[in-house]
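Data block below; observations after.
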Amino acid sequence: MVKRILRLRASPHAIAIGTAAGVFVSCTPFLGFHILLATAFTYLVAGNVIAAVIATWFGNPITFPIIWATTYKLGRFMLGQSGTETPFHVSDLSAKLSTYSLRTIWPIIEPMIVGSLPVGIGCGLVTYIATRIAVAEFRKRQEARLKARREATSAKVRAEVVAGIGKRPS
């Protein structure tokens, strides 16, 4: 995924802002809508949409438990919901999530939405900086490799021309 992002054809800023937007959206609890949200958000800030879609993979089965726990706890703290009690019992979680009533899952989703903002912004900023530096460095190295290859080819052609001058056609 990293190489796909580095090889995109856009400015380093556009790629970095798209990647940051994808990571930011991955920190939200809107599972199933990450690609749509990342695409819309990236379009609004003139970033690279492909980079944003790729970056939504930041949220994956390995990172989601960490993201969700962090956003939930931070959101409860930010909302002033102190203590360790939760508005649900763990065994009731699947029942609550399987009901489609917003009223039943709001006590879970609200802190996650609030907590996802600072977590997403922090992860997005780190991602923006790292991606912008990585794209610029990748392009600098790629240009150096291409220049070395052109020079080697040019030297080879010159050597063949010089060698061909001393030979007589048969």
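The values are calculated or read from the model by the stated rules, or taken from the named source; none is laboratory data. Remember, predicted model here, so these are calculated numbers, not experimental data. In this analysis, Cβ positions are derived from the backbone assuming ideal geometry, glycine residues included, and neighbour counts consider all displayed protein chains. Just so you know, the surface numbers come from the protein's heavy atoms only, side chains and all, with ligands and any DNA or RNA stripped out. Shrake-Rupley method; radii C 1.70, N 1.55, O 1.52, S 1.80 Å.
Some values worked out for this structure:
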item	result
Flag if P65 is in a helix (DSSP H, G or I), open to solvent by 70 Å² or more (accessible area, probe 1.4 Å) and closer than 26 Å to W106 by Cβ	yes
P12 vs. criteria touching a helix residue (DSSP H, G or I) at 6+ places or on another chain (Cβ under 7 Å), closer than 15 Å to F64 by Cβ and in contact (Cβ under 8 Å) with a residue 24 or more places away in the chain	no
Subset of the range 20-56 [of a type in the set (S, T, Y) and touching a helix residue (DSSP H, G or I) at 6+ places or on another chain (Cβ under 6 Å)]	S26, T28, T39, T42, T56
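Quick grid of which residues meet (1) hydrophobic (A, V, I, L, M, F, W, C); (2) open to solvent by less than 60 Å² (accessible area, probe 1.4 Å); (3) closer than 24 Å to F77 by Cβ; (4) touching a residue at least 40 places away in the same chain (Cβ under 8 Å):
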residue	(1), (2), (3), (4)
T104	no, yes, yes, no
I109	yes, yes, yes, yes
S116	no, yes, yes, yes
G120	no, yes, yes, yes
Y128	no, yes, no, yes
K140	no, no, no, no
E143	no, no, no, no
R150	no, no, no, no
R158	no, no, no, no
